[in-house]
Amino acid sequence: MRTNRKFAVTAAAVALAGAAGVGVAQASPAPARADAPSACRPANHLAKITEGPASSGHSHYRVTLTAPRGYAPCELAGSPTDVRFSNDGKEIGVTAGRYGSQKGVVTFGPGHPVHFDIQVPDDRRGAPADEVTFTLRAPGGEIPGESFADGSLAVTAGTLVGPVQRGA
């Protein structure tokens, strides 16, 4: 009964406004992306490790994140946290630090890949790894859940992870 009254009152108001020549503002339907799940959630993106160009005294690996169509863009900030390396399912006891500005914010989503760098000192023999597990950060804090990337790399004490940046 209550719903019918609300409808009748709304219909009457629209009719009066139309008769008076006054335009009625209507909310536009939200675009489909607004209802889409966030690309930043770990289950909603893909990540791949590739070898990057070496620098003086360091090997570099690039972790590129991509999001398939159908996911909403989101913002990422700083370097991932809780970075862990494993090989054939066994965790390697290497703890990664962070480098670079942690204040930058990038947009990530379909058509907007992002990447971060893993910098490994060349002065020691590295342990082979084939997977990296990490927690992404948004401007307001960590994004719940663990993301992971596959690919070949070698890590050692002193390994650092750079901030997320635009592009593949």
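Quick note: the coordinates plus some simple rules give every number you see, no bench work behind them. Everything quoted here is computed from the prediction, not taken from an experiment. Backbone-built Cβ (ideal geometry, glycine too); neighbour counts: all protein chains shown.
Figures for the structure shown
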read-out: Size of electric dipole in segment 30-102: Cβ of Lys, Arg +1 and of Asp, Glu -1, about Cα centre, debye, nearest 20; value: 120
read-out: Lys, Arg +1 and Asp, Glu -1 on Cβ, resulting dipole of segment 55-156 about Cα centre, debye, nearest 20; value: 240
read-out: Trypsin sites (Lys or Arg not before Pro) within segment 88-168, DSSP loop, no more than 15 other Cβ atoms inside 10 Å; value: Lys103, Arg124, Arg125
